[in-house]
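Comments concern the structure below.
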Amino acid sequence: MNRWLLPEDIADVLPAEARKVETLRRAILDLYQSYGYELVAPPILEFLDSLLTGTGSDLNLQTFKLVDQLSGRTLGLRADMTPQVARIDAHLLNRKGVTRLCYAGSIAHARTPVGSSAREELQLGAEIYGCASWEADFEAVSLLLQTLSVAGLNKVYLDFSHAGVLEGILDGQSLQKGEIETLYGLLQSKDRPRLAIWAQSLPAKSAEALMALTELNGPCAQVLISAKKSLPKHKLIDDALEQLEKLASATAALPHDVELSIDLADLRGYQYHSGVMFAAYVDKLPQPIARGGRYDHVGQAFGRPRPATGFSMDLLTLAHLAPVVQRKSAILAPWIMDASLTTKIAELRGAGEVVIQAMSGDLVEAAEYICDRELVQQGSSWEVRKK
């Protein structure tokens with residue numbers, strides 16, 4: 001067995017790509033700081049019951065599990081950082097007002113997610129706690145578009161949905177957790193024949209509304225008009241459509257090249273969303289580059305109800321899609337004991353230059369750098385000269 005082989009769908013990040021990832025991480029976290037977001041770093045391991053609090057069964061299936069030898073309790077290797085950040089807001093910070101938090105850390109999936117080729121991600125995200133209005137969702141959407149712009153991904157396709165629509169349709173129905181999960185899958189795949197069979201036990205109006213959801217997708221204005229006509233009158237549904245209309249209108253006015261749409265059957269995620277949901281797509285990637293939305297119930301599951309909204313994405317995927325950065329110019333210097341050379345190298349590095357020292361005859365191989373200049377001795381001083 002080759003000792004250097006890695007588990008399936010787990011990969012190393014090599015020098016040039018790793019530098020690209022780190023450069024993006026710093027730039028994006030600086031962007032979040034300019035909006036007033038505070039950085040948090042939850043642990044990669046937690047007790048399983050805490051890690052899965054307020055989430056759906058799909059997150060449970062994606063979580064690696066192991067036994068803590070100190071306590072004997074089951075630990076989980078996180079597959080999503082959002083519940084952890086909600087726990088920090090609810091129990092550690094315990095603030096009454098609006099709190100903005102951001103994060104960047106590794107997560108792992110027990111199974112390779114559909115549409116992905118990796119089980120490990122570097123999850124990057126931003127969350128707003130304590131604000132229940134649609135303006136908080138709009139800030140999250142705006143920040144997401146800014147994030148993609150920092151990465152050089154300026155053409156974005158943004159798809160909206162809302163958990164309140166389905167909640168309104170099913171209001172008054174007594175459904176088991178397994179039945180709800182089956183419904184999510186049927187709506188997501190838009191499997192109308194099987195959905196029609198599943199909905200036979202529901203009242204006719206509810207069944208008709210579920211079938212209508214599978215066709216309520218496309219340009220925002222068109223979908224909203226159709227939804228108001230085909231969906232039953234219900235406060236939850238009316239409020240959801242009103243929020244989507246406000247959010248779509250405000251997003252369309254932003255100075256970004258973004259194409260907006262609504263898909264009311266798009267219920268993907270970890271089943272903890274409670275309001276607006278959104279997914280961002282970019283060219284050359286079939287699955288969303290980022291997902292987000294409102295998840296007010298997660299804080300409630302931790303014993304402290306807090307309105308919450310935000311988004312997350314895989315920074316490794318983002319870096320891979322970002323335009324290629326040119327190799328950085330570097331200066332080649334000889335590796336000799338010379339006080340004036342050491343001083344000159346320190347000056348150059350202090351000024352932001354990359355200086356690589358090499359022994360005579362050594363071949364410098366670096367994917368990130370191109371040595372287009374060299375330090376040469378001119379009398380008693382050292383000068384930079386083009387190669």
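So here's what we get for this one:
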{"read-out": "Candidate lysines for bridging to Lys235, where Cα separation is under 18 Å - those fewer than 8 sequence places away on the same chain excluded", "value": "Lys205, Lys246"}
{"read-out": "Viscosity 0.692 mPa s, temperature 37 °C, Stokes-Einstein D of region 1-89 from Kirkwood C-alpha radius, µm²/s", "value": "205"}
{"read-out": "Spin-label model distance (nm) - Gln146 vs Arg192, 7 Å beyond Cα toward Cβ", "value": "4.3"}
{"read-out": "Calculated SAXS-style log₁₀ I(q)/I(0) at q = 0.12, 0.16, 0.21 Å⁻¹ - region 114-242, Debye, Cα scatterers", "value": "-0.63, -1.02, -1.29"}
{"read-out": "Loop trypsin sites (Lys or Arg not before Pro), region 17-79, which have at most 15 other Cβ atoms in a 10 Å radius of their Cβ (DSSP)", "value": "Arg73"}
{"read-out": "Cβ-derived FRET efficiency at R0 51 Å, Asp372 paired with Tyr157, nearest 0.05", "value": "0.80"}
{"read-out": "Value at 222 nm in deg cm²/dmol, rounded to 500, when DSSP H runs of n ≥ 4 in the chain each add -39,500 (n - 2.57)", "value": "-11000 deg cm²/dmol"}
{"read-out": "For region 206-223, Karplus couplings with θ = phi - 60° (6.51, -1.76, 1.60), whole Hz, Gly/Pro x", "value": "5, 4, 5, 5, 4, 5, 5, 4, 5, 10, 8, 8, x, x, 4, 4, 5, 5"}
{"read-out": "FRET E, pair Leu70, Asp338, Förster distance 45 Å, beta-carbon r, rounded to 0.05", "value": "0.25"}
{"read-out": "Amide H partners (placed H, <5 Å) of Gln357, local residues excluded", "value": "Ala333"}
{"read-out": "All aspartates and glutamates inside 20 Å of Lys65 as judged from Cα atoms, apart from same-chain residues fewer than 8 positions distant", "value": "Glu8, Asp9, Glu46, Asp49, Asp80, Glu120, Glu121"}
{"read-out": "√(5λ) per eigenvalue of the Cα gyration tensor, region 328-386, largest first, Å", "value": "18, 13, 10"}
{"read-out": "Residues listed by number, region 310-350, amide nitrogen under 11 Å from Glu383 label point at 7 Å toward C-beta", "value": "none"}
{"read-out": "Cross-link table Lys155/Lys190; Lys328/Lys386; Lys190/Lys233, entries beyond 18 Å C-alpha to C-alpha", "value": "Lys155/Lys190; Lys190/Lys233"}
{"read-out": "More than 23 Å apart - percent of Cα-Cα pairs taken over region 256-387", "value": "59"}
{"read-out": "Inverse mean reciprocal Cα-Cα distance (Kirkwood Rh) of region 15-321, Å", "value": "20.1"}
{"read-out": "Phi-based couplings in Hz for region 21-35 (Karplus 6.51, -1.76, 1.60; Gly and Pro marked x)", "value": "4, 5, 4, 5, 4, 5, 5, 6, 5, 5, 4, 4, 4, 5, 8"}
{"read-out": "R0 of 22 Å, Cβ-Cβ distance Val13-Asn60: FRET efficiency to nearest 0.05", "value": "0.20"}
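Each value in this text was obtained by applying a stated rule to the coordinates, not by laboratory testing. Keep in mind the model is a prediction, meaning the values are calculated, not measured. Cβ coordinates were reconstructed from backbone atoms using ideal geometry, including for glycine residues, and neighbour counts include every protein chain displayed.
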